[in-house]
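The structure under discussion appears below in the form of structure tokens.
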Amino acid sequence: MSVHHLQVRIYYEDTDFSGFVYHAAYLKFFERGRTEFLRDLGVHHAELAEQGIAFAVRRMQIDFEAAARIDDLLSVETAVEGGSGARLVLNQTIRRGDTVLTRARVEVAAVRIGGGATRLPKNLLERLRS
């Protein structure tokens with residue numbers, strides 16, 4: 001899969017007193033992008049939970065380059081950088097049109113809901129390779 005795109009509209013609840021998007025709101029947008037990326041691959045969090053598997057963010061590096069405001073329509077882009085074993089590394093970018101607002105490199109780990117790391121689900125690995 002190349003780059004997954006998710007559109008996000010900015011609402012009042014996403015902004016702070018200055019009228020700009022609050023920095024923590026970008027984390028929600030990145031999370032939605034990762035979730036929809038997986039969903040489009042046919043991997044659903046509810047099904048993973050039934051298997052006793054979840055994803056946990058292990059590391060996230062974020063660069064804020066510009067700000068979004070209320071009513072903006074943004075694109076959350078998600079692309080796979082790599083992965084093996086229990087981890088998956090994704091590059092994510094939030095844009096308003098051609099303008100990059102925020103970039104993140106996110107490492108997620110597959111974990112057993114009861115605790116401890118586990119291997120990435122085989123169906124996910126297969127779909128990432130195709």
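Taking Asp63, is it assigned to a strand (DSSP E or B), loosely packed, with under 14 Cβ neighbours inside 10 Å and over 12 Å from the mean Cα position of the chain (by Cα)?
yes
Between a first residue in the range 26-55 that is free of Cβ contacts under 8 Å to residues at least 60 places away in the same chain and on the phi < 0 side of the Ramachandran plot and a second residue that is small (Gly, Ala, Ser) and surrounded by 15 or more Cβ atoms within 10 Å (Cβ to Cβ), which pairs have beta carbons less than 8 Å apart while being 6 or more apart in sequence or on different chains?
Going by the 8 Å Cβ cut-off, the qualifying pairs are His45/Ala54; Ala54/Ala110; Phe55/Ala109; Phe55/Ala110.
Consider the range 29-52. How many of its residues are touching a helix residue (DSSP H, G or I) at 6+ places or on another chain (Cβ under 8 Å), surrounded by 12 or more Cβ atoms within 10 Å (Cβ to Cβ) and not β-branched (Val, Ile, Thr)?
4
I'd like to verify a number: residues in the range 66-111 that are of a type in the set (Gly, Ala, Ser) and surrounded by 20 or more Cβ atoms within 10 Å (Cβ to Cβ), how many?
3
Which of the residues that make up the range 76-96 are touching a residue at least 24 places away in the same chain (Cβ under 8 Å), aliphatic (A, V, I, L, M) and over 13 Å from Phe29 (Cα atoms)?
Once the filter is applied, which keeps residues that are touching a residue at least 24 places away in the same chain (Cβ under 8 Å), aliphatic (A, V, I, L, M) and over 13 Å from Phe29 (Cα atoms), the range 76-96 yields Ala79, Val80, Ala86, Leu88, Leu90.
Only the coordinates and a few stated rules stand behind these numbers; no lab work does. All figures in this text were calculated on a predicted structure; none of them were measured in a lab. Don't worry about glycine lacking a Cβ; one is built from the backbone with ideal geometry, like all the others, and counts go over all protein chains shown.
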